[in-house]
Amino acid sequence: MTVGLEHYLTVSALLFGLGLYAVLTRRNAVALLMGVELILNAANLNFVAFARFVDGGVEGHIVAAFVIVLAAAEAAVALAIVLAMFRNFGTVNVDTVNRLKR
Amino acid sequence: MSVDMLQIPDWSDLGGFLPETVMFGAFLLALLGDLVVRRRPVVPFAVVMAGALTALALSFAGLDAPERTILGGLVVVDGMAAFFRILFSLIAVATLLVSWASEEIMGRSRENKGEYYALIALMTGGMMVMAEARDLLMLYLSLELVSLSSYVMAGYMRNSLRATEASLKYVIFGAVSSGVMLYGLSLLYGLTGSLTYAGVRDALAAGAGDPLSLLTVCVLLLAGLGYKIAMVPFHFWAPDVYEGAPTPVSAFFSVGPKAAGFALMIRFFYTTMQPAVDRVDWRLLIAVLSVATMTFGNLVAVRQVNVKRLLAYSSIAHAGYLLMGFLMLTAEGLQAILFYLLVYALMNLGAFLFVVALNNSLKSEHLDDYAGLGFRSPWAAAMMIVFLFSLTGLPPTAGFIGKFYLFAAVMHEGWYWLAIVGVLNSVVSLFYYMKIARTMYFTKAPADAPAVPIAPLHYVTLVLLAAPTLFLGLYWGGFKDLADRAVQHFTAL
């Protein structure tokens, strides 16, 4: 069996689903951010697979490289905010942080 | 595309990229200035102010210029880009003035005031790039540049529980929705085999993509773009973020990134998705979302007693009005959106500025604390009335003219039901805007109500925003002409 485009797309769709599931069910802010990483990497896998099988060029690879860097920047900002949350609230559970009126 | 075909950016391209270069330069200079001269926020403030004014002056030249693609095809410079550069520079200048006299930003206990001003420069530059992106990669990068800096700005008061909660909610919603959008972009790339808007358009025109996959792509993309403009059902963050963030930051968020999101959506949907309209009726999809957005925003705003939160819901409703013009796909609709965005920036910044100015002495945004302000602070209250009239869309204010053009564009395309829903929504909005006016003028202030001195700089800025809001209601020709000129070379129509 050769590994084709469908296989990559299936794996990436699974990753995307798992990431979304983590985001919707986890209440720990750090775990939530890990779900976001899964979503980003699912998109990355898509970009690389499409570059290989559809486009035949390097554009998709370049996007993936950019997204990896951006994910790192986003993690830095998000973790800094989670740190501020821990200092102020003493917890990283997002459910306990709802002082603003619903 | 193979490696040798990749275009190396030409240095002469920077000539067309000057306003952005100035803003990013101002960001770096402000950071550096803040490092060299500690505890003198006036240095970064002056640097960013000078940068924004320079960018404003530089932007006017591009209004009549024909379309030009620069920086290796990532960015397009045309009249619309110039219009948004002008708009964002103006918003930056107004935000700087609002922030400088605000206790929430400049209070004695605040740290890192210089970084705050540097971030305004970075965001302004990022928003300008959002209005110019013509490549899926640039679309994502510019959107994230603005998002990442706004997460930090929302949490600027890092010891405040409310601000921390605001930035946490913002970063989580933002990260998820932009991730979902990126997944949509990857699918679009797979369907069309191209990253540039032109390539995507050609592939879609040639019949790439079946209805179901195109619908999926549209929905995934709208998650990211809808979050940026606070469109239902991706609006959840907006009320909490606007309420928790420092008020000058809320003012900035409610006009800047929202307008940038619209600029990005206009260029993306008008250029790439137009050929696909026979396979996926995204116009109807957006029409439904537009109705949901304005109706939800207006109905929930009625119940609010916190003025910041009320204005947050009102800004959600305004995104709904703008979406009506967006889905017309006509030059008239586009001109109406651009003009409305300009008017909206004036009146919404003005309304938020009133909240900032009062917060300095009241330390509260609760509607009950606004009782009797019409007599405790008559001039500021009178200007707030101008902004409220304009937000409702009553003559003789700019908001009326803006709404008039917007509804006219919708009617001319035969979307009568949409225009009727929009007018009915404006009637609902009258109720809650006038609730503020009623409290200010017809509710007696308690005897121990504190005095409300207003900073001179805030008075000046209020006048600078209120005067054009009234003036544009009577003589709008010049500014409407600005919007008309901006779209004359927009080829995607």
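The values are calculated or read from the model by the stated rules, or taken from the named source; none is laboratory data. Not measured: the values here are computed from a predicted model. Using ideal geometry, Cβ is built from the backbone for each residue, glycine included, and neighbour counts are taken over all protein chains shown.
Observations on the structure shown:
- Residue within the stretch B:189-196 that is at negative phi, of a type in the set (S, T, N, Q) and surrounded by fewer than 24 Cβ atoms within 10 Å (Cβ to Cβ) present: yes
- Condition check for B:Trp415: more than 20 Å from B:Gly297 (Cβ to Cβ), among the aromatic types (Phe, Trp, Tyr) and either touching a residue at least 40 places away in the same chain (Cβ under 8 Å) or surrounded by fewer than 24 Cβ atoms within 10 Å (Cβ to Cβ) (or both): no
- In the stretch A:61-76, residue farthest from the other protein chains (Cβ to nearest Cβ) [restricted to those that are buried (at least 16 other Cβ atoms within 10 Å of the Cβ) and more than 12 Å from the chain's Cα centre (by Cα)]: A:Ala64
- Pair list, Cβ under 6 Å, 6 or more apart: the stretch B:435-459 residue within 14 Å of B:His366 (Cβ to Cβ), other residue aromatic (Phe, Trp, Tyr) and outside any loop (DSSP other than H, G, I, E, B): B:Thr439/B:Tyr370; B:Met440/B:Tyr370
- Selection within the stretch B:121-149 - part of a helix (DSSP H, G or I) and touching a Phe, Trp or Tyr at 6+ places or on another chain (Cβ under 7 Å): B:Ala121, B:Leu122, B:Thr124, B:Gly125, B:Met127, B:Met128, B:Leu136, B:Leu137, B:Leu139, B:Leu141
- If you go through the stretch B:182-196 and keep only what is at the interface with another protein chain (Cβ under 7 Å from one of its Cβ atoms) and part of a loop (DSSP other than H, G, I, E, B), you end up with B:Gly193, B:Leu195.
- If the condition is being in contact (Cβ under 8 Å) with a residue 24 or more places away in the chain and outside any helix (DSSP H, G or I), then the stretch B:197-223 contributes B:Gly209, B:Asp210.
- Residues of the stretch B:37-47 classified as in contact with a helix residue (DSSP H, G or I) (Cβ under 8 Å, 6 or more places away or on another chain), modelled with pLDDT of 90 or more and aliphatic (A, V, I, L, M), total: 2
- Any pair with Cβ under 9 angstrom, 6 or more apart, that starts in the stretch B:140-168 at a residue that is more than 30 Å from A:Ile62 (Cβ to Cβ) and more than 8 Å from chain A (Cβ to nearest Cβ) and ends at one that is assigned to a loop (DSSP other than H, G, I, E, B) and of a type in the set (Ser, Thr, Tyr): B:Ala163/B:Tyr156
- Scope the stretch B:224-271; condition within 14 Å of chain A (Cβ to nearest Cβ), farther than 26 Å from B:Ala357 by Cα and not in a loop (DSSP other than H, G, I, E, B); matching residues: B:Gly224, B:Tyr227
- When the stretch B:104-128 is filtered for residues that are in contact with a helix residue (DSSP H, G or I) (Cβ under 7 Å, 6 or more places away or on another chain) and within 14 Å of another protein chain (Cβ to nearest Cβ), the ones remaining, listed by number, are B:Glu115, B:Leu119, B:Leu122, B:Met123, B:Gly126.
- Residues in the stretch A:41-60 that are facing chain B (nearest Cβ under 7 Å) and surrounded by fewer than 23 Cβ atoms within 10 Å (Cβ to Cβ) were compared, and the one that is nearest to A:Thr10 (Cα to Cα) is A:Val54.
- Candidate set from the stretch B:385-411 (those that are free of Cβ contacts under 8 Å to residues at least 60 places away in the same chain and β-branched (Val, Ile, Thr)); member that is nearest to B:Arg438 (Cα to Cα): B:Ile385
- Within the span defined as the stretch B:236-249, every residue fails to be of a type in the set (A, V, I, L, M, F, W, C), at pLDDT below 95 and over 23 Å from B:Leu349 (Cα atoms).
- Those residues of the stretch B:397-450 which are of a type outside the set (Gly, Ala, Ser) and outside any helix (DSSP H, G or I), in sequence order: B:Thr397, B:Glu413, B:Trp415, B:Thr443, B:Lys444, B:Pro446, B:Asp448, B:Pro450
- Just one of the numbered conditions (1) away from chain A (no Cβ under 14 Å); (2) among the acidic types (Asp, Glu); (3) in contact (Cβ under 8 Å) with a residue 24 or more places away in the chain is not true of B:Asp281: (3).
- Each residue in the stretch B:471-483 was checked for being assigned to a helix (DSSP H, G or I) and surrounded by fewer than 17 Cβ atoms within 10 Å (Cβ to Cβ), and 5 of them qualify.
- Criterion (part of a loop (DSSP other than H, G, I, E, B), in contact with a strand residue (DSSP E or B) (Cβ under 8 Å, 6 or more places away or on another chain), buried (at least 18 other Cβ atoms within 10 Å of the Cβ) and not polar (S, T, N, Q)) met by exactly one of B:Gly73, B:Gly62: B:Gly73
- Screening A:Leu32 on (1) closer than 23 Å to B:Leu187 by Cβ; (2) within 9 Å of chain B (Cβ to nearest Cβ); (3) aliphatic (A, V, I, L, M) shows it passes everything except condition (1).
- Enumeration of residues in the stretch B:197-221 that are closer than 15 Å to B:Val176 by Cα and buried (at least 24 other Cβ atoms within 10 Å of the Cβ): B:Leu221
- Checked against the criterion of being more than 18 Å from B:Gly297 (Cβ to Cβ) and modelled with pLDDT of 95 or more, the candidates B:Val421, B:Val452, B:Val386 yield just one match: B:Val386.
- Members of the stretch A:81-101 found to be aliphatic (A, V, I, L, M) and more than 8 Å from chain B (Cβ to nearest Cβ), listed by number: A:Leu83, A:Val92
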